[in-house]
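**Student:** My structure is below; once you've seen it, I'll send some questions.
The values are calculated or read from the model by the stated rules, or taken from the named source; none is laboratory data. Source: prediction; values computed, not measured. Heads up, the Cβs are rebuilt from the backbone with ideal geometry, glycines too, and the neighbour counts pull from every protein chain shown. Note: areas computed on protein heavy atoms with side chains; ligands, DNA, RNA excluded. Shrake-Rupley method; radii C 1.70, N 1.55, O 1.52, S 1.80 Å.
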Amino acid sequence: MKSKIVILCLGLLYGSCGEQSIREEQAAEEKSFNPVPGFNADSAYAFIQQQVDFGPRVPNTPAHRETGDWLTGKLAAYGFSVSEQEFTARAYDGKELQLRNIIGSYRPEASKRILLAAHWDTRRIADKDSERIDEPIDGANDGGSGVGVLLEIARVLHTDTLQPDVGIDIIFFDGEDDGEPEHRNFRDGSQVWWCLGSQHWSKNPHARGYTAFYGILVDMVGGKNARFYKEGYSIQYAKNLVDRVWNYAHELGYGDFFPMRKTEAITDDHLFVNQDANIPMINIIEFSPDYGFGHYHHTHQDNMDLIDRKSLEVVGETVLFTIFQE
Ligand code: AHN
Ligand code: ZN
């Protein structure tokens, strides 16, 4: 058992005296947490910059292939056992996409496992922009940020002497962001065209009988002044985990970023992991109950100017904290 950090909440003790003080001392909340290594937001930021520098990570392009090779190399360099899932999937417009899920396992022998995931592909169109709507976006936040945070967690696990008591799997899902365009007549509602990589993996996991204790998906976690509300499917499938993670964020002083408020259910990779792989998975995503996705969403404003190290830090530290408490 590793040593614990004890935070004694002194607030309740102030003003106590006489015979009351013993009862109040007992009532004082004593919280004990495992120590957690530091998360370097500059490093996470640099991982996003490197992805953006490859160019838009649109399936069937050289930038997509090169980024995929780079991601497998990074996970391997950080001591993860890497497996890849290559497959073709059809897009809403009939296009055949060559897709690639990238899975890294840390301490593959550990039976209790936590799954961390993000999508690594970016959208081939800027359909919510007013100009250059047929051109692909940088996807610094939508695609880049989740991967950046998880690569930094991988680096920390490799580098730090503090180690979690669980095995960690990191999955970079492909083909999340090629769903049907907005404001174009689109009829075929027979299937979900988003999340093609997680739909494939959830029905065909990389290892027979693979399961995890739970999962955390991160999507659009680098935007300046981002707010992460309790997303609908996360509450439906893994309410206790949502509450635990949000409470941890508040313990860490990041309450402003993690409001104790629900937002609607978002079709994202975690839905298929919950439904088809039967692993309870939550989504940390920027989606407001008041105005929905951020102004930058699926526009050319989703570039490095949007990315704020503070948002990366609050999410990275909260996720690291969570896995170190297991
Ligand atoms: C919907 O727009 C309903 N789902 C896609 C979620 C998403 C897009 N995440 C990132 N880009
Ligand atoms: Zn998107």
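**Student:** Looking at the stretch 198-211, can you tell me whether even one residue there is away from ligand 1 (no atom under 16 Å from the Cβ), within 26 Å of residue 301 (Cβ to Cβ) and at pLDDT 95 or above?
**Tutor:** No, the stretch 198-211 contains no residue that is away from ligand 1 (no atom under 16 Å from the Cβ), within 26 Å of residue 301 (Cβ to Cβ) and at pLDDT 95 or above.
**Student:** For the stretch 270-290, state whether one or more residues are within 16 Å of ligand 1 (Cβ to nearest atom), surrounded by fewer than 21 Cβ atoms within 10 Å (Cβ to Cβ), modelled with pLDDT of 95 or more and of a type in the set (Ser, Thr, Tyr). Working first, answer last.
**Tutor:** Initially, the stretch 270-290 is screened for residues within 16 Å of ligand 1 (Cβ to nearest atom), giving 270-275, 281-289.
Next, from what is left, pick out any that are surrounded by fewer than 21 Cβ atoms within 10 Å (Cβ to Cβ): 275, 288-289.
So of that shortlist, the ones also modelled with pLDDT of 95 or more come out as 275, 288-289.
Next, from what is left, pick out any that are of a type in the set (Ser, Thr, Tyr): 288.
Yes.
**Student:** Somewhere in the stretch 145-156, is a residue closer than 25 Å to residue 323 by Cα and surrounded by fewer than 21 Cβ atoms within 10 Å (Cβ to Cβ)? Steps first, please.
**Tutor:** Step one: filter the stretch 145-156 for residues closer than 25 Å to residue 323 by Cα, giving 145-156.
Keeping just the survivors that are surrounded by fewer than 21 Cβ atoms within 10 Å (Cβ to Cβ) gives 155-156.
Yes: one or more hits.
**Student:** Out of (1) open to solvent by less than 20 Å² (accessible area, probe 1.4 Å); (2) among the charged types (D, E, K, R); (3) more than 27 Å from residue 311 (Cβ to Cβ), what's the single condition that is false for residue 107?
**Tutor:** (1)
**Student:** Moving on. Open to solvent by less than 10 Å² (accessible area, probe 1.4 Å) and of a type in the set (Phe, Trp, Tyr) - does that describe any residue in the stretch 206-213?
**Tutor:** Of the residues in the stretch 206-213, the ones open to solvent by less than 10 Å² (accessible area, probe 1.4 Å) are none.
No; the residues of the stretch 206-213 include none that is open to solvent by less than 10 Å² (accessible area, probe 1.4 Å) and of a type in the set (Phe, Trp, Tyr).
**Student:** Also, quick follow-up: Which of the residues belonging to the stretch 241-292 are free of Cβ contacts under 8 Å to residues at least 40 places away in the same chain and either within 15 Å of ligand 2 (Cβ to nearest atom) or in a loop (DSSP other than H, G, I, E, B) (or both)? If you could, list the steps in order and put the result at the bottom.
**Tutor:** Here is the first cut: in the stretch 241-292, the residues free of Cβ contacts under 8 Å to residues at least 40 places away in the same chain are 243, 246-247, 250, 253, 255-256, 259-266, 290-292.
253, 255, 256, 259, 260, 261, 264, 265, 266, 290, 291, 292 - these are the residues of the stretch 241-292 that are free of Cβ contacts under 8 Å to residues at least 40 places away in the same chain and either within 15 Å of ligand 2 (Cβ to nearest atom) or in a loop (DSSP other than H, G, I, E, B) (or both).
**Student:** I would also like to ask the following. Residue check: is residue 304 away from ligand 2 (no atom under 16 Å from the Cβ), closer than 28 Å to residue 40 by Cα and either open to solvent by 60 Å² or more (accessible area, probe 1.4 Å) or in contact with a strand residue (DSSP E or B) (Cβ under 6 Å, 6 or more places away or on another chain) (or both)?
**Tutor:** No; evaluated as a whole, the condition is false for this residue.
**Student:** For the stretch 125-143, give me each residue that is buried (at least 21 other Cβ atoms within 10 Å of the Cβ) and away from ligand 2 (no atom under 11 Å from the Cβ).
**Tutor:** Here is the first cut: in the stretch 125-143, the residues buried (at least 21 other Cβ atoms within 10 Å of the Cβ) are 126, 137-143.
Residues satisfying the conditions are 138, 140.
**Student:** Related question: Taking the stretch 303-314 on its own, how many of its residues are under 17 Å from the mean Cα position of the chain (by Cα) and within 15 Å of ligand 1 (Cβ to nearest atom)?
**Tutor:** We begin by selecting, within the stretch 303-314, every residue under 17 Å from the mean Cα position of the chain (by Cα); these are 307-314.
Filter again for within 15 Å of ligand 1 (Cβ to nearest atom), leaving none.
Number satisfying all stated conditions: 0.
**Student:** Please work out which residue is nearest to the chain's Cα centre (by Cα), limiting yourself to the stretch 122-162 and to residues that are of a type in the set (A, V, I, L, M, F, W, C) and within 13 Å of residue 57 (Cβ to Cβ). Break it down into steps so the answer makes sense when it comes.
**Tutor:** Initial filter on the stretch 122-162 (of a type in the set (A, V, I, L, M, F, W, C)): 125-126, 133, 137, 140, 147, 149-151, 153-154, 156-157, 162.
Then keep just the ones that are within 13 Å of residue 57 (Cβ to Cβ); that gives 137, 140, 147.
Numbers: 137: 20, 140: 14, 147: 8 Å.
Once the filter is applied, the top-ranked residue is 147.
**Student:** Filter the stretch 72-90 for residues that are under 17 Å from residue 200 (Cβ atoms) and in contact with a helix residue (DSSP H, G or I) (Cβ under 8 Å, 6 or more places away or on another chain) and give the result.
**Tutor:** Of all residues in the stretch 72-90, those under 17 Å from residue 200 (Cβ atoms) come to 83-90.
Answer for the stretch 72-90, where residues must be under 17 Å from residue 200 (Cβ atoms) and in contact with a helix residue (DSSP H, G or I) (Cβ under 8 Å, 6 or more places away or on another chain): 84, 85, 87, 89.
**Student:** For the stretch 82-132, give me each residue that is assigned to a strand (DSSP E or B), without any contact (Cβ under 8 Å) to a residue 60 or more places away in the chain and closer than 29 Å to residue 322 by Cβ. Even if it seems obvious, please write down each step before you answer.
**Tutor:** Kept after step one, since they are assigned to a strand (DSSP E or B), are these residues of the stretch 82-132: 82-90, 96-106, 113-119.
In the following step, the residues that additionally are without any contact (Cβ under 8 Å) to a residue 60 or more places away in the chain were identified as 82, 84, 86, 88, 90, 96, 98.
Hits for the stretch 82-132 are 82, 84.
**Student:** Which one is nearest to ligand 1 (Cβ to nearest atom) among residues in the stretch 157-184 that are open to solvent by 60 Å² or more (accessible area, probe 1.4 Å) and farther than 28 Å from residue 87 by Cα?
**Tutor:** Restricting attention to the stretch 157-184, the residues satisfying the condition of being open to solvent by 60 Å² or more (accessible area, probe 1.4 Å) are 158-159, 161, 165, 182-184.
Within this subset, residues satisfying the condition of being farther than 28 Å from residue 87 by Cα are 158-159, 161, 165, 183.
Details: 158: 28, 159: 30, 161: 35, 165: 31, 183: 13 Å.
If we take residues in the stretch 157-184 being open to solvent by 60 Å² or more (accessible area, probe 1.4 Å) and farther than 28 Å from residue 87 by Cα, then 183 is nearest to ligand 1 (Cβ to nearest atom).
**Student:** Given (1) of a type in the set (Asp, Glu); (2) assigned to a loop (DSSP other than H, G, I, E, B); (3) open to solvent by less than 10 Å² (accessible area, probe 1.4 Å), identify the lone condition not met by residue 188.
**Tutor:** Of the numbered conditions (1) of a type in the set (Asp, Glu); (2) assigned to a loop (DSSP other than H, G, I, E, B); (3) open to solvent by less than 10 Å² (accessible area, probe 1.4 Å), the odd one out for residue 188 is (3).
**Student:** For the structure I just gave you, tell me whether residue 66 is among the acidic types (Asp, Glu), surrounded by fewer than 22 Cβ atoms within 10 Å (Cβ to Cβ) and not in a helix (DSSP H, G or I).
**Tutor:** On the way: among the acidic types (Asp, Glu): yes; surrounded by fewer than 22 Cβ atoms within 10 Å (Cβ to Cβ): yes; not in a helix (DSSP H, G or I): no.
Considered against the rule, which asks whether it is among the acidic types (Asp, Glu), surrounded by fewer than 22 Cβ atoms within 10 Å (Cβ to Cβ) and not in a helix (DSSP H, G or I), residue 66 comes out as no.
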